[in-house]
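One structure is given below, encoded as structure tokens.
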Amino acid sequence: MTVRDALRDGVAALGGSGTPFLDASLLLGKALGLDAAALFAAGPDDLDPGSGAAYRALLAERSSGIPVAYLLGEKEFWGRRFRVDRRVLVPRPETETLVAAVLEACGDRPSLRVHEACCGSACVALSLAAERPRWELSASDLSEEALELARENAELLLPTDRPGGPCRFVRSDLLASVEGTFDLVAANPPYIPSGELAGLGIELRFEPRLALDGGADGLELYRRLVPQARSALAPGGWIFLEADGSQAGALRAIVEEAGFAEVSTLADLAGIERITRGRLPWKT
Ligand code: GLN
């Protein structure tokens with residue numbers, strides 16, 4: 001069997017996955033230790049039995065619903081490869097809008113104290129840290145095992161001589177145990193209403209429930225986080241929050257009620273109202 005035949009069989013086997021060609025290519029590349037370009041160049045070659053067996057095992061796992069990112073052990077986010085496994089939510093493309101929104105609003109600031117709450121893999125904090133080497137970054141999560149992985153990603157992705165210093169990590173329920181004053185707080189908290197979780201895609205069953213379950217209406221954590229952020233931010237400080245488009249209006253109300261001004265929601269690339277931001281007044 002050639003590499004190309006194996007790819008064709010894999011696409012057929014994953015017919016139900018939504019993106020069978022992409023998934024099968026990534027898994028075959030993983031089994032062969034090849035990137036996409038090398039994989040397609042190897043199309044006419046014979047598939048060795050060891051790689052064939054590894055590939056079939058990966059296909060079977062994928063068919064059971066395990067996200068591709070967990071099988072690969074990594075996920076690309078904002079142009080960098082983050083290590084991911086079952087300890088954290090797989091970074092989503094829509095969360096790149098959170099990074100884009102922060103850079104658009106504050107990207108020209110030479111220094112900024114930024115905290116990411118509910119950081120998971122820390123894809124947001126570490127992307128900002130990598131893009132803006134002088135900014136001071138910190139990140140928190142309730143899950144100790146998520147923080148372990150976030151620290152691994154920091155080691156992997158940030159230079160040790162970063163002018164703004166290393167990204168600081170702290171275990172915390174939202175901002176309860178986070179010390180310090182910030183110019184910007186960003187978060188992608190769990191926001192799926194508890195009652196909707198069971199009806200969503202099979203892949204979500206393999207991800208940490210803690211990273212997805214947002215309580216009755218999905219906004220429970222925001223009701224605690226937004227007032228905490230208000231206290232932790234300096235005058236003129238920003239908050240940037242990801243949520244689902246259906247929650248944008250209710251979330252803007254929570255942010256306004258906490259005393260933030262200039263409250264608005266930005267759409268992601270799919271046109272879904274995704275990132276709600278607000279800013280504290282300079283004088284209160
Ligand atoms: N956007 C994710 C999803 O729909 C949810 C992420 C979250 O709850 N923070 O799968």
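The numbers here are math on the coordinates, done by the rules we state, and not lab data. All values reported here derive from a predicted model rather than from experimental measurement. Please note: Cβ atoms are built from the backbone with ideal geometry, for glycine as well, and neighbour counts cover all protein chains shown.
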Fill in the blank from the handout: Among residues of the range 83-102 being out of contact with any Leu (no Cβ under 7 Å at 6 or more places or on another chain) and of a type in the set (Val, Ile, Thr), the residue farthest from the ligand (Cβ to nearest atom) is Val84
Handout entry: Within the range 223-241, tally of residues that are among the basic types (Lys, Arg) and within 13 Å of the ligand (Cβ to nearest atom)
Key = 0
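Of the residues Asp213, Asp244, which is in contact with a helix residue (DSSP H, G or I) (Cβ under 7 Å, 6 or more places away or on another chain), among the charged types (D, E, K, R) and within 12 Å of the ligand (Cβ to nearest atom)?
Values: Asp244 fails: in contact with a helix residue (DSSP H, G or I) (Cβ under 7 Å, 6 or more places away or on another chain).
Going through Asp213, Asp244 in turn, the sole match is Asp213.
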Exercise for the section: Please report, ordered by residue number, the helices (runs of 4 or more DSSP H) entirely within the range 1-109 with at least 3 residues that are of a type outside the set (Ser, Thr, Tyr) and in contact (Cβ under 8 Å) with a residue 60 or more places away in the chain. Expected result: 96-106
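Quick one: is Glu220 within 22 Å of Glu144 (Cα to Cα), within 16 Å of the ligand (Cβ to nearest atom) and either surrounded by 15 or more Cβ atoms within 10 Å (Cβ to Cβ) or touching a residue at least 60 places away in the same chain (Cβ under 8 Å) (or both)?
Details: within 22 Å of Glu144 (Cα to Cα): yes; within 16 Å of the ligand (Cβ to nearest atom): yes; either surrounded by 15 or more Cβ atoms within 10 Å (Cβ to Cβ) or touching a residue at least 60 places away in the same chain (Cβ under 8 Å) (or both): yes.
Yes; evaluated as a whole, the condition is true for this residue.
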Exercise for the section: Would you check which residues across the range 116-137 are more than 15 Å from the ligand (Cβ to nearest atom), outside any loop (DSSP other than H, G, I, E, B) and touching a helix residue (DSSP H, G or I) at 6+ places or on another chain (Cβ under 7 Å) and list them? Expected result: Leu126, Ser127, Leu128, Ala130, Glu131, Leu137
Problem - Subset of the range 247-268 (residues that are in contact with a helix residue (DSSP H, G or I) (Cβ under 7 Å, 6 or more places away or on another chain) and aliphatic (A, V, I, L, M)) - result: Leu251, Ile254, Val255, Ala258, Val263, Leu266
Problem - Hits in the range 173-196 (condition: within 14 Å of the ligand (Cβ to nearest atom), crowded, with 16+ Cβ neighbours inside 10 Å and not aromatic (Phe, Trp, Tyr)) - result: Leu174, Ala186, Ala187, Asn188, Pro189, Pro190, Ile192, Pro193, Ser194
Completion exercise
Going through (1) within 16 Å of the ligand (Cβ to nearest atom); (2) outside any loop (DSSP other than H, G, I, E, B); (3) not small (Gly, Ala, Ser) one by one, Leu147 fails only at (1)
